[in-house]
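Below you'll find the structure, written out as structure tokens, and then a few comments.
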Amino acid sequence: MTETSRLARPGTIDPPERAVLLNPGPVNVHPAVRAALAYPDVCHREPEAAKVMTSARQKATLACGGDSAYTSVLLAGSGTAALEATLSSIVPGDGKILILDNGNYGERLFRIVSVHGIAHVRLEFGWTKPIDVEAVDRALTADPAISHVAVVHHETSTGMLNPLRAIGDVVVKHGRSLAVDAISSLGAEDFDIGLDHVDWCIGTANKCIEGLPGVSFVCAPRPALDALAAVPPRTFYLDLHGHYIAQDKRNAPLFTPAMQVLYAFDAALDRLLEEGVTARAARYAALATLIRAGLAGRGLEFLLPEEHRSTSVTNVRVPAGISYSGLHDGLKNEGFVVYGVQEQLGEVFRVANMGQLDEKDVTGFLAALDRVLTKLRADR
């Protein structure tokens, strides 16, 4: 190989100034969470690794409202990893799952079970449309072969908060098992794994728990996890029962976890439990109220009516004559990162208030929005 054919060595990437992340995860985290990444190098088969794994599992269970009858299983990966591990593991060969779909992440449930060839029924309600609980009741009545139901609690593609408690009541009435994508709701919304009749709760570190990307988890009753021994695994790496047995019975991870990210997750859970899930939800709700009042006062149009919105994400239509890309880039230059949506919704942007944000961040964002919109309108 000649000198000229070698690839140039990349230079050092300078870190940016702090950006205010108004995207729905990853989020701005507390310094104590970031500092946990500096935990010394550790072998994942040593006692100190087992200790933090057990600690995080116990705290994740508490965050879901679970007691000693429940436990959590950790996975190295985004929330989608835990979601796929759950859906591919819990439905037996003679079972069937009912997918409740009213947005991009409801569609993701459908795509996962389709990939694995799992028998399913899909109820599509339409993006921006609430789930019709009576339709769920009718579907379960009509098809006794349905053994499981899957739903997204907070459908972040639209900012819709689905009626979990009512859905859980219907599912338990029919004696079926409920799997809930709580990836964007845990820590921000009213959620109780027992009261909501949730059998399988899927969560992640890097949203309202305010951790860092790379760790996700599944919280479930211990007997339900034990019963997975009778369901042949459909995957190797994402075999939920295999991870459960390794972590719960052998006190060791099944495969190599992201250890430093796990320490950060444990630190984030400490902060969540210290603050209290109810208090954090109230903090998020107060920030959402400030954001929405500011946007409404500027004449911007919301995608959803107030009664269907979550407390952590607000979807807003881009003003006429302005492009999302222009708005995003202008705000990023000001130090604020907003988020786009899937093409089905057109020119809409998302403003999330997850993470370590405060009123100053919100007022700063609204002031930056004024400057950016003024410039974009002047440049037309």
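The values are calculated or read from the model by the stated rules, or taken from the named source; none is laboratory data. Treat the numbers as computed from the prediction; the structure is a model and nothing was measured. Every residue, glycine as well, gets a Cβ built from its backbone with ideal geometry; the counts of neighbours run over all protein chains shown. All accessible areas refer to the heavy atoms of the entire protein, side chains included, with ligands and DNA or RNA removed. Shrake-Rupley method; radii C 1.70, N 1.55, O 1.52, S 1.80 Å.
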Complete set of residues in the stretch 35-55 that are open to solvent by 50 Å² or more (accessible area, probe 1.4 Å) and in contact with a helix residue (DSSP H, G or I) (Cβ under 7 Å, 6 or more places away or on another chain):
Leu37, Tyr39, Cys43
Among the residues of the stretch 243-275, the number that are part of a helix (DSSP H, G or I) and either crowded, with 17+ Cβ neighbours inside 10 Å or of a type outside the set (A, V, I, L, M, F, W, C) (or both) is 23
Among the numbered criteria (1) open to solvent by 50 Å² or more (accessible area, probe 1.4 Å); (2) touching a residue at least 12 places away in the same chain (Cβ under 8 Å), which single criterion is violated by Ala288?
(1)
Is there any pair with a first residue in the stretch 28-52 that is free of Cβ contacts under 8 Å to residues at least 24 places away in the same chain and a second that is open to solvent by less than 50 Å² (accessible area, probe 1.4 Å) and of a type outside the set (Ser, Thr, Tyr) whose Cβ atoms are under 7 Å apart and which are 6 or more apart or on different chains, and what are they?
Cys43/Ala49; Glu48/Val42
Those residues of the stretch 74-105 which are farther than 22 Å from Ser216 by Cα, touching a residue at least 60 places away in the same chain (Cβ under 8 Å) and open to solvent by 20 Å² or more (accessible area, probe 1.4 Å), in sequence order
Pro92, Gly93
Residue under evaluation Leu369, criteria (1) open to solvent by less than 40 Å² (accessible area, probe 1.4 Å); (2) more than 26 Å from Glu17 (Cβ to Cβ); (3) part of a helix (DSSP H, G or I); (4) in contact with a Lys or Arg (Cβ under 9 Å, 6 or more places away or on another chain), criterion not met:
(2)
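Let's see how each residue does on (1) out of contact with any helix residue (DSSP H, G or I) (no Cβ under 8 Å at 6 or more places or on another chain); (2) within 20 Å of Asn206 (Cα to Cα); (3) at pLDDT below 95; (4) not small (Gly, Ala, Ser):
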| residue | (1), (2), (3), (4) |
| --- | --- |
| Lys332 | yes, no, no, yes |
| Val337 | no, yes, no, yes |
| Gln342 | no, no, yes, yes |
| Gly364 | yes, no, no, no |
| Thr374 | yes, no, no, yes |
Among the residues of the stretch 296-305, are any touching a residue at least 24 places away in the same chain (Cβ under 8 Å) and not in a loop (DSSP other than H, G, I, E, B)?
no
Return yes or no: is Thr71 in contact (Cβ under 8 Å) with a residue 60 or more places away in the chain and among the hydroxyl-bearing types (Ser, Thr, Tyr)?
yes
Determine whether the stretch 3-26 contains at least one residue that is over 26 Å from Leu238 (Cβ atoms), of a type in the set (Asp, Glu), open to solvent by 10 Å² or more (accessible area, probe 1.4 Å) and in a helix (DSSP H, G or I).
yes
Consider Gly321 against the criteria (1) assigned to a helix (DSSP H, G or I); (2) open to solvent by 50 Å² or more (accessible area, probe 1.4 Å): it satisfies all of them except one. Which criterion is unmet?
(1)
